Amino acid sequence: MIDISAGSAVFTDLINNNTQTNITWTTKTALTSTYRTTNLISYIGLDINGNVIQSASKFTPSERRSYVDLGVLVHTSLTVIDAVNNLQYPVIHTVNQLHDVMDVLGIINVSGNIFTSYASDLRLSKSAGSLFQTGSNYSTDVNSPHTKTLSALSPLVFQYRLSNSVNYTGLAQSTIIPGLYESSSGITTALGSSYPFSIQRIYSFVSNNVKIQFGQATYKTLADAQAAMNTELLVVGLEILESTICTTLELIVVVKFGAVFVTVVCGVIVEGEPLVMTVREVVVPTAR
C-alpha cells in the first residue's frame, strides 16, 4: 500500500495567459500500487485536481507539465513495495537551479589552454584560450559573464604545490623539477633508479595562474606510469581541490633516467578529471 502526506503545489500555465492554479491535498493512505505485480518500478504523481496518477513508465516532458511528479515506487519482487524514491521537480528559484546545474557540470575548457614544450629544456608554454565557468567573466563583461579569455603564457611561470597545499620552493619558477616525488604528505623524495617514473599534474586557474603538484607514486616503466594516469590515488591540495577557479588539468610524466631527462605531456582533462588521454613526447633534453 502507498501513503502520500498532505501537501500543496502550484500549476503554472505559461501557454494560456500565464495562469496559476494552487492546489492542496490531504493525507492519502492505503493506496493500491497499480503496477506492483507487473513492473519492477512505477511512477506516481498528482493531477491538477489532486487525483493520484500512476504510470508504468517515466512521465514524459509533456506529462510533467500536467502532473505533480512525486517519485518512483520500487517493487522488484513483484510482491511488495521495496522502496520509495522521492523525486520531485521543483520550479521555484529557476535561475538558482540553473546555477546548480552549471556548478555540477564544472568548468568547461572552450578552446585553447594547451600545454606544450617551450624549448629544448624543462620549460613549458600554455596557449591562449577561453573557458566557461559561472560568473568567471562578470567583472569584465556583464553581457558575457561566464566565458573568460586567458592569455598565453610563454614560458610558463608556475608554483609547485604539495598535497598539504604548501608551496614547495616558496617562489614562482619556470623549470620543471624532474627528480622528485611526494613520498608522504609534505615530504619530497628523490626518484630512484629502480622506479624512476612519476606523474606530475598541472592545474590552471581562472586567474591564469598555474600550479604543478608532484607525483605521489613511482613507477618502474613509462608504460606503467601512463597506465596509472587515470587510476593513481592522488591527494590533491585543499587549495586546489576546493577552489572554484581551477579550470584545466593536464598530466606530465617526468622521467629521471641516468643523465637524461624525458618529459612527456599527456591528456586532455577538464576540472581535474581525465576525459581523453593521448601521449606526445614534447621534450627530450640532456642534463646540463
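The values are calculated or read from the model by the stated rules, or taken from the named source; none is laboratory data. None of these values were measured; they are calculated from a predicted model. Glycine also receives a Cβ, built like all others from the backbone with ideal geometry; neighbour counts cover every protein chain displayed.
Criterion first (under 26 Å from GLY112 (Cβ atoms), in a loop (DSSP other than H, G, I, E, B) and not hydroxyl-bearing (Ser, Thr, Tyr)) does GLY170 satisfy it?
Details: under 26 Å from GLY112 (Cβ atoms): no; in a loop (DSSP other than H, G, I, E, B): yes; not hydroxyl-bearing (Ser, Thr, Tyr): yes.
Judged against the criteria, GLY170 is not a match.
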>> Tell me whether the range 54-61 contains one or more residues that are among the aliphatic types (A, V, I, L, M), under 27 Å from LEU78 (Cα atoms), in a loop (DSSP other than H, G, I, E, B) and touching a strand residue (DSSP E or B) at 6+ places or on another chain (Cβ under 6 Å).
In response: yes
>> If a residue must be among the acidic types (Asp, Glu), within 28 Å of LEU46 (Cβ to Cβ) and part of a helix (DSSP H, G or I), how many such residues does the range 81-108 contain?
In response: 1
> Looking at the range 30-43, is at least one residue in contact (Cβ under 8 Å) with a residue 12 or more places away in the chain, within 17 Å of TYR89 (Cα to Cα) and not in a loop (DSSP other than H, G, I, E, B)?
Replying inline: yes
> Of all the residues that make up the range 175-220, how many are under 25 Å from the mean Cα position of the chain (by Cα), outside any strand (DSSP E or B) and within 30 Å of LEU150 (Cβ to Cβ)?
Replying inline: 7
> Of all residues in the range 62-80, which are outside any helix (DSSP H, G or I) and without any contact (Cβ under 8 Å) to a residue 12 or more places away in the chain?
Replying inline: ARG65, SER77
>> So for the range 152-161 (the condition being within 22 Å of the chain's Cα centre (by Cα) and under 25 Å from ILE199 (Cα atoms)), does at least one residue qualify?
In response: yes
> Here are some conditions: (1) at pLDDT 80 or above; (2) not in a strand (DSSP E or B). ALA223 meets all but one. Which one does it not meet?
Replying inline: (1)
